[in-house]
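Below: one structure, written as structure tokens.
Just so it is clear, none of the values below were taken in a lab; they were calculated from the coordinates. Computed from a prediction, not measured in an experiment: that's the story for all the values here. Backbone-built Cβ (ideal geometry, glycine too); neighbour counts: all protein chains shown.
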Amino acid sequence: MGSGSGVSCAVTLNTSLTPEQRALYQDVGQINHLLDSARTIALVGLSSDRQKASFFVAGYLKDEGYRIVPVNPKADIILGEKVYPDVASIPFPVDIVDIFRPAQEIDGIVDQAIARKEKGIDSPAIWMQLRLVNLAAAERSLAAGLTTIVDKCVKMEHGRYRGGLHFAGMNTEIISARKRKR
């Protein structure tokens with residue numbers, strides 16, 4: 001069921017993006033490709049506070065087999081992983097730069113990811129978490145050739161397409177009796 005169905009639990013209802021923006025920044029094919037191909041995810045704004053959403057998401061992704069790279073200038077170790085102060089400081093390739101910072105901070109984070117691509121370090125996808133929308137940064141990211149996801153949660157999308165959310169009764173807009181393998 002889509003957003004036009006009037007169903008309050010439909011997945012597409014709670015976004016501020018227009019249908020055209022959803023087509024650009026919430027493409028199911030791109031999300032599935034990232035979930036399948038990504039191995040290393042830099043979480044910008046990952047908190048060491050176990051009560052924060054970023055910590056919960058990172059723990060879930062780590063349990064699902066992704067390599068987590070914490071990015072936080074105020075910490076040394078989170079979830080047993082070395083923490084980097086910013087995206088530019090990460091000395092190895094990453095597949096996704098997952099952003100948990102306020103929208104006004106996203107410009108600088110996207111600039112660092114674009115610079116990584118220009119230097120040939122990697123070509124990381126940009127993923128702005130649920131309720132984080134900076135369309136100017138998203139447009140720059142897309143123009144630089146980076147896959148760009150906006151206003152979606154990596155954990156929720158993983159659970160939707162790879163996990164068992166539909167078995168728990170959540171409307172994932174997917175009809176299937178089988179759990180998809182990673």
Fewest to most Cβ atoms within 10 Å: Thr148, Thr15 sort as Thr15, Thr148
For Ile109, net neighbour charge (Lys/Arg +1, Asp/Glu -1) across residues whose Cβ lies under 9 Å away: -3
Mind listing the long-range amide H neighbours of Ala125? Cut-off is under 5 Å, sequence gap 5 or more, other chains count too, H placed in the peptide plane at 1.01 Å from N. Ile96, Val97
Zone of Ser16 (label point 7 Å along Cα→Cβ, backbone N under 14 Å): which residues in segment 125-166? 129-138, 150-152
For Ala103 and Lys74 in the same chain, what is the full-extension length gain: residue separation times 0.36 nm, less their Cα-Cα distance, in nm? 8.5 nm
Below 13 angstrom from the Cβ of Thr148, what's the summed charge of the other residues (Lys, Arg +1; Asp, Glu -1)? 0
Neighbour-count order for Met156, Met128, fewest beta carbons within 10 angstrom listed first: Met156, Met128
How large is the charge dipole for segment 86-151, taken about the Cα centre, if only the Cβ atoms of Lys, Arg (+1) and Asp, Glu (-1) carry charge, to the nearest 20 debye? 40 debye
With only Lys, Arg, Asp and Glu charged, each at its Cβ (+1 for the first two, -1 for the last two), find how big the charge dipole of segment 27-168 is about the Cα centre; round to the nearest 20 debye. 260 debye
On the formula 1/(1 + (r/R0)^6), with r taken between the Cβ atoms of Arg162 and Glu118 and R0 of 35 Å, the FRET efficiency rounded to 0.05 is 0.65
Ranking His158, His33 by Cβ neighbours within 10 Å, fewest first, what do you get? His33, His158
Given a Förster distance of 30 angstrom, what is the FRET efficiency for Arg131 paired with Phe92, based on the Cβ-Cβ distance and rounded to 0.05? 0.50
So for segment 27-168: antiparallel DSSP bridges make up what percent, rounded to the nearest 5? 10 percent
Apply the Karplus curve 6.51 cos²θ - 1.76 cosθ + 1.60, θ = phi - 60°, to the phi angles in segment 111-126 and return the couplings in whole Hz, x for Gly and Pro. 4, 5, 5, 4, 4, 4, 5, 5, 7, x, 5, 6, 9, x, 6, 9
What distance in nm separates the simple spin-label points at Asp36 and Leu142, each placed 7 Å from Cα in the Cβ direction? 2.3 nm
